[in-house]
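First the structure, in the form of structure tokens, and then the observations on it.
The values are calculated or read from the model by the stated rules, or taken from the named source; none is laboratory data. From a predicted model like this one, the values you see are computed outputs, not experimental measurements. Positions of Cβ are generated from backbone atoms using ideal geometry, with glycine treated the same way; all protein chains shown enter the neighbour counts. To get the accessible areas, we keep the full protein, side chains included, count just its heavy atoms, and leave off ligands, DNA and RNA. Shrake-Rupley method; radii C 1.70, N 1.55, O 1.52, S 1.80 Å.
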Amino acid sequence: FGSSAGPAPDPFLVALATLSLLGDAAEQKPLACLVDDAHWLDDASLRALGFVARRREAERIGLFVVARSGIGDHVLAGLPELSVRGLGDRDARALLLANVHGPLDAAVCNQLIAESHGNPLALLELPRAMSPADLAGGFGLPDTNSVAGKIERSYVRRLSGLPTDTGLLVLVAAAEPSGDPILLQRAAET
């Protein structure tokens, strides 16, 4: 787990250990393992998940891996897949209008719906990345950056507005891999 120095362990043994760990947990009761945003995983972790997914039939493990399309396909190829489509224009418009407080130009609304491809997160975050003047139909040139880049910049902007100690705590929580609240509390106190 990267807690000691030395050469990287054999990826096969890590994947086998992961399967054994999940299998042991599933002996008590069925286990659902949910991995969201798998496109952010390093290649070794993604390969370990692929290994588990292909060999879990004998175990009471449900494994659900969510990733942007086209990412990790080489590792997860051949596994059952469910493509999740975006909201239709009508539902996307309703979500957008329910969450934009202030004037929203019809052309800007249509552009946000088109850029989001019905992705609910994008529909919520894209307007936050825009100024009130841009939302109301300002005369600036449209931003041609990717939707994901706009959303990430929106988060960065909101995080940069946090007090220094709060921002540091968010950074520590994001970097702490185990989700251990005691370890997080010790790190926060330090």
| task | Return one number: the angle in degrees, 0 to 90 and rounded to the nearest 10, between the long axis of the Cα atoms of helix 164-175 and the longest principal axis of the Cα atoms of the chain. | result | 50
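Compute the longest continuous run of the chain that contains no exposed chymotrypsin sites (Phe, Trp or Tyr not before Pro); treat a site as exposed when its DSSP state is not H, G, I, E or B and it has at most 15 other Cβ atoms within 10 Å.
2-138
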| request: Relative to the longest principal axis of the C-alpha atoms of the chain, give the angle of the C-alpha long axis of helix 43-55, reported between 0 and 90° and rounded to the nearest 10°. | output: 60
| request: Specify the longest stretch of the chain that does not include any exposed loop site, a site being one of the GluC sites (Glu not before Pro) with a non-H, G, I, E, B DSSP assignment and at most 12 other Cβ atoms within 10 Å. | output: 82-190
| request: Find, to one decimal place in angstroms, the Kirkwood hydrodynamic radius of the chain, where the mean of 1/r is taken over every pair of different Cα atoms and then inverted. | output: 20.1
| said: What is the distance in Å between the Cα centroid of segment 74-140 and that of segment 4-24? | reply: 40
| request: Amide H neighbours of Cys33 under 5 Å, at least 5 residues apart or on other chains, H built in the peptide plane: list them. | output: Gly62, Leu63, Phe64
| task | Counting only heavy atoms of the protein chains, get the accessible area per residue of the chain (1.4 Å probe) and round it to a whole Å² value. | result | 71
| said: Is there a quick way to get the dipole size of the chain? I mean about its Cα centre, with the Cβ of Lys and Arg at +1 and of Asp and Glu at -1; what is the value in debye to the nearest 20? | reply: 260
| query | Expressed as a whole percentage, what fraction of the accessible surface of segment 1-73 belongs to carbon and sulfur atoms when a 1.4 Å probe is rolled over the protein heavy atoms? | reply | 59
| said: Could you tell me which residue out of Val84, Val170, Pro30 lies farthest along the dipole of the chain toward its positive end? Charges go on the beta carbon: Lys and Arg +1, Asp and Glu -1, centred on the Cα centre. | reply: Val84
| Hz values of 3J(HN,Hα) by residue in segment 90-100 - Karplus curve (6.51, -1.76, 1.60), Gly and Pro given as x | 4, 5, 4, 4, 4, 5, 4, 5, 6, 10, 9
| note | Within segment 56-90, the residues whose backbone N lies under 18 Å from a label point placed 7 Å from the Cα of Asp42 along the Cα-to-Cβ direction are 72, 75
| task | Tell me what the chain gives for mean residue ellipticity at 222 nm when only DSSP H runs of n ≥ 4 count, each as -39,500 (n - 2.57), the sum divided by the residue total, rounded to 500 deg cm²/dmol. | result | -16000 deg cm²/dmol
| Once you mark the trypsin sites (Lys or Arg not before Pro) that are in a DSSP loop and have at most 13 other Cβ atoms within 10 Å, what is the longest gap between them in the chain? | 86-190
